[in-house]
Amino acid sequence: MLGTALPLTSLRPPLKWAGGKRWQVPHLRYLWAGHEHRRLVEPFCGGLAVTLGLLPQRALLNDSNPHLIGFYRWVKKGFAIDIEMKNDKRHYYRCRDRFNALLAEGKGHSREAASLFYFLNRTGYNGLCRFNRGGRFNVPFGRYRRIHYLDDFSAYEPLLSRWEFSSMDIGQLRLDDEDFVYAYPPYDVEFTQYASAGFSWADQERTATLFSRHRGPVVLVNQGTSRIERLYRSLGYAVGFLEAPRRISCNGDRRPAKEILATRNL
Ligand SMILES: C[S@@+](CC[C@H](N)C(=O)[O-])C[C@H]1O[C@@H](n2cnc3c(N)ncnc32)[C@H](O)[C@@H]1O
């Protein structure tokens, strides 16, 4: 028997994170219906858009980015930020230096580091999370006219306190047979062996193969490239397509992007 129902919420993801899948939630609700008793596993949880949309009772949310998961763990415990937050270039670079100093001192898990991570995420360029070879966060100041900062995350606490968080490579995840997996790996970029974000074609193959062995329901989402379609079909996934909303690009291209939604055991 599960605990009391979670409150319906329109909470938005607290961080800016590339590839938010909020727009997919209505499609995923159909697939999730009837499986609500299961644990939802997001092996590449990123901004949490999908989990905050589906509101499972139980979830395992994993991402290899330790700062992201560290931030969620603080929110889970009840989190309020008391550092100054303002959309100011000099202040941004001071905070970036302080964040890097904390990382260098091995204090990346501290409350202060999580506060700075939030501030840098909201204020830096496009919400990027990028480090140089020396491990220093190096995202430049963003170009926002106005930023809404949150300093009290208590609204998220009742939800996140029910969910488990981990930060590891997907190969180390321990799944239960009953788990419902929703996996959205970094996009495949066709015609390159090594995609951005250090996620190679071999990683795409590894991901698809790993979850094709899972006994419970699996939903796998990716860019609709032909090699991804071939790979997923060859591993026995049922393949469908979704039209992703696309921002208008500088050449005025408004064509929707095609995304693959592949399923198994559903
Ligand atoms: C495209 S994002 C997922 C977006 C997310 N589903 C959302 O809706 O916001 C991919 C995520 O995978 C994570 N990632 C990349 N390689 C990984 C790996 N080998 N194991 C676990 N997570 C990984 C990245 O840190 C990134 O947050």
Of a type in the set (Lys, Arg), within 16 Å of the ligand (Cβ to nearest atom) and either in contact (Cβ under 8 Å) with a residue 12 or more places away in the chain or exposed (fewer than 14 other Cβ atoms within 10 Å of the Cβ) (or both) - does that describe any residue in the stretch 26-37?
yes
With the checklist (1) at pLDDT 90 or above; (2) part of a strand (DSSP E or B) in hand, flag the one item Glu243 doesn't pass.
(1)
Counting only helices (runs of 4 or more DSSP H) entirely within the stretch 63-151, those with at least 2 residues that are basic (Lys, Arg), without any contact (Cβ under 8 Å) to a residue 24 or more places away in the chain and more than 28 Å from Pro185 (Cα to Cα) are 89-104
Pick out the one residue from Gly142, Gly134 that is more than 16 Å from the ligand (Cβ to nearest atom) and surrounded by fewer than 16 Cβ atoms within 10 Å (Cβ to Cβ).
Gly134
Restricted to the stretch 61-80, and to residues that are over 16 Å from His109 (Cβ atoms) and among the aliphatic types (A, V, I, L, M), which residue is surrounded by the most Cβ atoms within 10 Å (Cβ to Cβ)?
Leu61
The conditions are (1) over 23 Å from Arg174 (Cα atoms); (2) more than 15 Å from the ligand (Cβ to nearest atom), and Ala244 fails exactly one of them. Which is it?
(2)
Would you be able to say whether some residue in the stretch 211-219 is within 15 Å of the ligand (Cβ to nearest atom), at pLDDT below 95 and over 23 Å from Trp23 (Cα atoms)?
no
When the stretch 91-106 is checked residue by residue, the ones that are of a type in the set (Phe, Trp, Tyr) and surrounded by fewer than 16 Cβ atoms within 10 Å (Cβ to Cβ) are Tyr93
Hey, Gly47 assigned to a loop (DSSP other than H, G, I, E, B), within 16 Å of the ligand (Cβ to nearest atom), under 24 Å from Tyr182 (Cβ atoms) and not aromatic (Phe, Trp, Tyr) or not:
yes
Considering only residues that are of a type in the set (S, T, N, Q) and not in a strand (DSSP E or B), look in the stretch 51-62 and name the one that is nearest to Arg136 (Cα to Cα).
Thr51
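The values are calculated or read from the model by the stated rules, or taken from the named source; none is laboratory data. The shown structure was predicted, so the numbers you read here are calculated from the model rather than taken from an experiment. FYI the Cβ positions are ideal-geometry reconstructions off the backbone, even for glycines, and counts take in every protein chain you see.
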